[in-house]
Amino acid sequence: MKVAVIADTHVGYPRFYEDSFTQAEAAFRDADEKADIILFLGDLYDTRVPSLQILGRTISFFRSIKKPIYAIHGNHERRSKGALNPVGLLEKAGAINHLNFSSAIFEKDGEKIFIAGMGNVPDDLAKAGLEKLKGTIQIPQAHLSILMLHQSVSEFVFGENLLSMDDMERLGYDLVLNGHIHARKEAPGFLIPGSTVITQLTKEETQPRGYYLYDTNERKHEFIPIPCRKFLLEELEFRDAKPSEVQEKAGELSARLRRENPEAIIRIILKGTLEKGIRVSDVVFAGEVGTFMDNKLNEHMFRADLKAIREMREKKLSMREMGEARMRKKMEGKASLFEPLELFEALANGAEEGMAYLQGRMKPAQ
Ligand SMILES: [Mn+2]
């Protein structure tokens, strides 16, 4: 049978809102035609609590897909224990099957495959997560076994306590599928399809977007590109340049790229140095929708600051993850009035919600 593997659609992503829908829909529609079953690897939505507009549009879309969908939730959808996340909501709406430390057997024409899934767990708990998975799920030897994850992998992402590909391989599944990483990666028995929408504007994201089609008989995969808004990334290098020179060259390049690619997302990175005495803020550009002018001139002079900012921007969620991890650590072993994660989530929605949560917990039980 044919298994489609889609990941990280980030539906509702504010910067490229419409792309996030049309490109997700293109992937699922194509998979619906070509595959017998669709596996989804998390971050279907961009937020934990998508708007009714977004939920309504996705529920009706997924109900129009004929092939069964099995999905896990990603870090963008993760909520505290017991709270319903939007992937769980889609299951309640009858649109998909949500797997989380659970498994299913899918059968077609007498052929069976075994699918297990673990929704995203914070990096510092990922190894414990895999242990729990091992303890909870027995892999049947009779069928092809597939595991769906949504985790950072140390081979591709920099960070502490990350899972390695070895950790995943040791679990004993025939095929491990992972979301979370937005660029496509593959190794024997291991596939990362990447995101269907551009989110980070990195060089890797200039590669085609799409999904994997896996043939269970041949045990081979094929990458299927989907129609996607083009993303161009160009660099311009300067040396001791005057602001007028930078503005002229960048303006020309930007205008030419836009003329040749009216619909594309364009990012131009300006590198090198400015003339002595000229500040980076002296170089000003007129903004244009869909064109990102990234001014990295004189970057060596304040590289540390920039690096910190960029890391924060690229890993928007890492602040939340760090906060959660710290709160968990502080509360470890202490009996408490509240669930640290629940409080954190309430606080993340604002101080008022945090206070309301605490007040709720302090009321005597009825
Ligand atoms: Mn993601």
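The values are calculated or read from the model by the stated rules, or taken from the named source; none is laboratory data. These figures come from a predicted structure and were not determined experimentally. Counting neighbours? That spans all protein chains shown, and the Cβs are built from the backbone with ideal geometry, glycine included. Heads up: the accessible areas ignore ligands, DNA and RNA and are worked out on the full protein's heavy atoms, side chains in. Shrake-Rupley method; radii C 1.70, N 1.55, O 1.52, S 1.80 Å.
Okay, here's what the table says:
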{"read-out": "Cβ-Cβ under 7 Å pairs, at least 6 apart or on other chains, segment 235-261 side of a type in the set (S, T, N, Q), far side modelled with pLDDT of 90 or more", "value": "SER254/ILE266; SER254/ILE268; ASN261/LYS230; ASN261/LEU232"}
{"read-out": "Residues of segment 63-94 satisfying the condition of being touching a helix residue (DSSP H, G or I) at 6+ places or on another chain (Cβ under 6 Å), surrounded by fewer than 20 Cβ atoms within 10 Å (Cβ to Cβ) and hydrophobic (A, V, I, L, M, F, W, C)", "value": "ILE65, ALA93"}
{"read-out": "Count of residues meeting criterion [surrounded by fewer than 17 Cβ atoms within 10 Å (Cβ to Cβ) and not acidic (Asp, Glu)] in segment 259-268", "value": "4"}
{"read-out": "Residues of segment 1-26 that turn out to be among the aliphatic types (A, V, I, L, M) and within 14 Å of the ligand (Cβ to nearest atom), as a count", "value": "4"}
{"read-out": "Residue match in segment 37-50 (condition: within 16 Å of the ligand (Cβ to nearest atom) and open to solvent by 60 Å² or more (accessible area, probe 1.4 Å))", "value": "yes"}
{"read-out": "Qualifying position, being among the charged types (D, E, K, R), over 30 Å from ILE146 (Cβ atoms) and buried (at least 17 other Cβ atoms within 10 Å of the Cβ), among ARG229, ARG256, ARG239, ARG279", "value": "ARG229"}
{"read-out": "Meets criteria (in contact (Cβ under 8 Å) with a residue 60 or more places away in the chain and not aliphatic (A, V, I, L, M)) for PRO140", "value": "no"}
{"read-out": "Strands (runs of 3 or more DSSP E) wholly inside segment 114-221 containing at least 3 residues that are within 16 Å of the ligand (Cβ to nearest atom) and either under 17 Å from SER103 (Cβ atoms) or in contact with a strand residue (DSSP E or B) (Cβ under 8 Å, 6 or more places away or on another chain) (or both)", "value": "none"}
{"read-out": "Yes/no for GLN53 being under 25 Å from VAL289 (Cβ atoms), of a type outside the set (Val, Ile, Thr) and open to solvent by 20 Å² or more (accessible area, probe 1.4 Å)", "value": "yes"}
